Amino acid sequence: MSKEKDRANFSKLVKAYYRKHLKPDKFIPGKTKIHYAGRVFDTQELTSMVYAVLDSWITLGAYGKELEEKLRNYMNAKNCILANSGSSANLLSTSALKSQKLSRPLKEGDEVITPALTFPTTFAPIVQAGFKPILVDCNISTLNIDEQKIQQAISKKTRAMVIPHTLGNPCNMELISKICKKHRLYLIEDVCDSLGAKFDRKRLGSFGHMGTLSFYPAHHITMGEGGAVIINDESFSKAVLSLRDWGRDCFCKGDSSLAGDCGRRFDYRIKLSDRSISYDHRYIYSHIGYNLKPTDIQAALGLAQFNKLNDFIRMRNRNFRRLFDGLKVFEDKFILSTWHKKSQPSWFAFPITLKSNCGFSRQELLRFLENNCIETRLIFAGNIIRQPAYSKCNFRISGNLKNSDIVMEKSFFIGVYPGLNKQKIDYIISVFRKFFKNKRK
């Protein structure tokens, strides 16, 4: 039997297994858990992963190259480099700012502007690289960095910005780009929450020198665990690739043949104490790096997911709009999201901030939602410097962090991911109505 027929037989078995064991259960209001997020896939993803296993190339390979190419084209970028998580993508891009491959590398102690309201692994790489975070407050209704306060945060030591687009809501990239150009600042966009979102018809992640993506199951598409660095300035490609691959200097994409892709594999030299010797370029290290590659099985899953990305974004935005329309009647109790008129969000979740005079606590509402099978999450770390791990870091606060503290005390989010349908959204809205009806009694 041919290889193609064998693979087709495996595909039939996978489809039968999915129908029998993995097909989603029927939704029962008040009984079925409504998750805030989760992976959404079917036999296409399972078959793709099985094919990757059958090809028996376990480490990053052909599937990875294809996914990198598709993401590069989608983002209209110079390059795309896969990583084993979005957090690793943040670590790689921030660490690359120190690379001696750059004409203007950062050094330890240089300042990097970032919002106080953030996810830990957006903030942590700034500290881990030895830079000094300059913290700016958030806008209470967009939950993004308050762009109007960035200018006053800049000093002579400021060299870069790391800017996340919170929960899929685009920052004002027109203003941020102007500030970066004026002050010659490097810009990294954390797009882990917002794949596919646009500002002024341009995709997020394409404004900065680099952008980062996450493919954790909660995000827009998944590789199980996975991420990517989007490269818009080609001078960063070698640094990011080196840092991801143990720090080695070699940039060839081929196998370990005698010549290598460059034809010069054994022409490189390395200095000893009293002389230089020829040394295999694949074992010359120009950065203190990591091993942050994903596997080809993960990339195979990512490829199948990528083909559904546009549909996933449409469903997320549809679910967000249904929740917004259903909950805006409670605007005397809630602060709901706003977004820039030039924005096209790609929503990760539906955020809610309680007004100070709402008459109930966040804990009271969250317990009611969770007791009615509706999952909730807080806005990541809240004000990051209130967290035990980060409170003693060497940072500077620009202005005050009043809104970030409010979000830490008053905000949360619920899901909009493609696993939710109209029936589930309607149920969520009905539970909010029930909560307020009980409060009036």
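Please indicate, with yes or no, whether at least one residue in the range 153-170 is surrounded by 17 or more Cβ atoms within 10 Å (Cβ to Cβ), farther than 27 Å from residue 402 by Cα and touching a helix residue (DSSP H, G or I) at 6+ places or on another chain (Cβ under 6 Å).
Going through the range 153-170, the residues surrounded by 17 or more Cβ atoms within 10 Å (Cβ to Cβ) turn out to be 153-154, 158-170.
From the residues that got through so far, the ones that are farther than 27 Å from residue 402 by Cα too are none.
Checked against the condition, which is being surrounded by 17 or more Cβ atoms within 10 Å (Cβ to Cβ), farther than 27 Å from residue 402 by Cα and touching a helix residue (DSSP H, G or I) at 6+ places or on another chain (Cβ under 6 Å), the range 153-170 yields no hits at all.
Which residues, taken from the range 34-64, are assigned to a helix (DSSP H, G or I) and free of Cβ contacts under 8 Å to residues at least 24 places away in the same chain?
Of all residues in the range 34-64, those assigned to a helix (DSSP H, G or I) come to 43-55, 62-64.
Of everything in the range 34-64, nothing turns out to be assigned to a helix (DSSP H, G or I) and free of Cβ contacts under 8 Å to residues at least 24 places away in the same chain.
With 84, 73, 9 as the choices, which residue is touching a residue at least 40 places away in the same chain (Cβ under 8 Å) and of a type outside the set (Asp, Glu)? Spell out how you get there, then give the answer.
On the way: 73 fails: touching a residue at least 40 places away in the same chain (Cβ under 8 Å); 9 fails: touching a residue at least 40 places away in the same chain (Cβ under 8 Å).
Only one candidate qualifies: 84.
I need a count of the residues in the range 187-205 that are buried (at least 24 other Cβ atoms within 10 Å of the Cβ) and either within 24 Å of residue 235 (Cα to Cα) or under 11 Å from the mean Cα position of the chain (by Cα) (or both).
10
Of all residues in the range 183-242, how many are at positive phi and either of a type in the set (A, V, I, L, M) or in contact with an Asp or Glu (Cβ under 8 Å, 6 or more places away or on another chain) (or both)?
Matching residues across the range 183-242 total 2.
Could you please let me know if residue 292 is touching a residue at least 60 places away in the same chain (Cβ under 8 Å), touching a Lys or Arg at 6+ places or on another chain (Cβ under 6 Å) and crowded, with 19+ Cβ neighbours inside 10 Å?
Values: touching a residue at least 60 places away in the same chain (Cβ under 8 Å): yes; touching a Lys or Arg at 6+ places or on another chain (Cβ under 6 Å): yes; crowded, with 19+ Cβ neighbours inside 10 Å: yes.
For residue 292, the condition - touching a residue at least 60 places away in the same chain (Cβ under 8 Å), touching a Lys or Arg at 6+ places or on another chain (Cβ under 6 Å) and crowded, with 19+ Cβ neighbours inside 10 Å - is met.
Please verify whether residue 208 is in a loop (DSSP other than H, G, I, E, B), closer than 24 Å to residue 76 by Cβ and over 11 Å from the mean Cα position of the chain (by Cα), treating the condition exactly as stated.
Values: in a loop (DSSP other than H, G, I, E, B): yes; closer than 24 Å to residue 76 by Cβ: yes; over 11 Å from the mean Cα position of the chain (by Cα): yes.
The answer is yes for residue 208.
Name the pairs: first residue in the range 117-135 and closer than 19 Å to residue 105 by Cβ and in contact (Cβ under 8 Å) with a residue 40 or more places away in the chain, second residue in a loop (DSSP other than H, G, I, E, B) and among the aromatic types (Phe, Trp, Tyr), Cβ to Cβ under 6 Å, at least 6 apart or on different chains?
Matching pairs, first to second residue: 133/395.
Of all residues in the range 315-329, count the ones that are out of contact with any helix residue (DSSP H, G or I) (no Cβ under 7 Å at 6 or more places or on another chain), charged (D, E, K, R) and either touching a residue at least 60 places away in the same chain (Cβ under 8 Å) or not in a helix (DSSP H, G or I) (or both). Spell out the reasoning first.
First pass over the range 315-329, keeping only residues out of contact with any helix residue (DSSP H, G or I) (no Cβ under 7 Å at 6 or more places or on another chain): 315-318, 320-321, 324-325, 328-329.
Those left that are additionally charged (D, E, K, R): 316, 318, 321, 325, 328.
Next cut, either touching a residue at least 60 places away in the same chain (Cβ under 8 Å) or not in a helix (DSSP H, G or I) (or both) only: 316.
Going through the range 315-329 one residue at a time, the tally reaches 1.
From the list 276, 242, 256, 286, which one is modelled with pLDDT of 95 or more and among the small types (Gly, Ala, Ser)? Steps first, answer last, please.
Numbers: 276 fails: modelled with pLDDT of 95 or more; 256 fails: modelled with pLDDT of 95 or more; 286 fails: modelled with pLDDT of 95 or more.
Testing whether each residue is modelled with pLDDT of 95 or more and among the small types (Gly, Ala, Ser) leaves just 242.
Among 350, 380, 413, 312, which is the only one that is assigned to a helix (DSSP H, G or I), more than 16 Å from residue 436 (Cα to Cα) and not charged (D, E, K, R)?
On the way: 350 fails: assigned to a helix (DSSP H, G or I); 380 fails: assigned to a helix (DSSP H, G or I); 413 fails: assigned to a helix (DSSP H, G or I).
From the options 350, 380, 413, 312, the qualifying one is 312.
Can you confirm whether residue 25 is without any contact (Cβ under 8 Å) to a residue 60 or more places away in the chain and not in a helix (DSSP H, G or I)? Show your work before the answer.
Values: without any contact (Cβ under 8 Å) to a residue 60 or more places away in the chain: yes; not in a helix (DSSP H, G or I): yes.
In short, yes.
The values are calculated or read from the model by the stated rules, or taken from the named source; none is laboratory data. Please read all numbers here as calculations on a predicted model, not as lab measurements. All Cβ positions, even for glycine, are placed from backbone atoms using ideal geometry, and neighbour counts span all protein chains on display.
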